[in-house]
Amino acid sequence: MDPIALLPFIVLIGAMFLMTRSAKKKQRQAVEMRDQMQPGTGVRTIGGMYASVKEVREDTVLLELAPGVHALYAKNAVGAVLEAEEFERIVNDTQDSDLDVDGTVVPDDASALTGDTSGADDQVELDKKSGAPREEAEDDGEDAPESQSKDAQSKDAKRDGDSDAK
């Protein structure tokens, strides 16, 4: 048998070995992290919930979600064991002073950033059917029959087999 013919199989087996090795390494690190849990430690679950550890059992952990509110989770549901300072910062929502930029207030929408203060006077109302800007109808009613006849013609054209599809 030719050794060059075996080369693709050897490369494939080597790649599979490397992938399983890195997966086992990540799994071992996750087990070590979960073994660090002790009562009072702050954790984040894989669902993004922050809680403090109340009691550690063999396969489960009792978490205190809020004062007096406890829930039983599988140890595999713990996504990260947090440092005490990080847990306090997240839970108590204390922000570092270096994040505050001179008391800058960011508006909820971009209208305050454009400098346009004219308001609703410049807004364009759209017609429900065509999506085109609607012009204010005058009281004399001369434009109404023309627009109705154009709509009727376009509907008749579509019924005859003509369509706008490309």
Problem - Within the stretch 1-70, trypsin sites (Lys or Arg not before Pro) in DSSP loop having at most 12 other beta-carbon neighbours inside 10 Å - result: 57
Fill in the blank from the handout: For residue 80, other-chain or 5+-apart residues with amide H closer than 5 Å (H placed, Pro excluded) are 44
Fill in the blank from the handout: For the stretch 5-14, Karplus-derived ³J(HN,Hα) couplings (6.51, -1.76, 1.60; θ = phi - 60°; whole Hz; x for glycine and proline) come out as 5, 7, 4, x, 5, 5, 5, 5, 5, x
Completion exercise
Taking the dipole of the stretch 1-87 about the Cα centre (Lys, Arg +1; Asp, Glu -1; charges at Cβ), the one of 22, 5, 77 that reaches farthest to the positive side is 5
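No value in this document is a laboratory result; all are computed from the given coordinates. Predicted model, so just to flag it, every value in this text is computed and none were measured. A quick note on method: Cβ atoms are made from the backbone with ideal geometry, for glycine too, and the neighbour counts reach across all protein chains shown.
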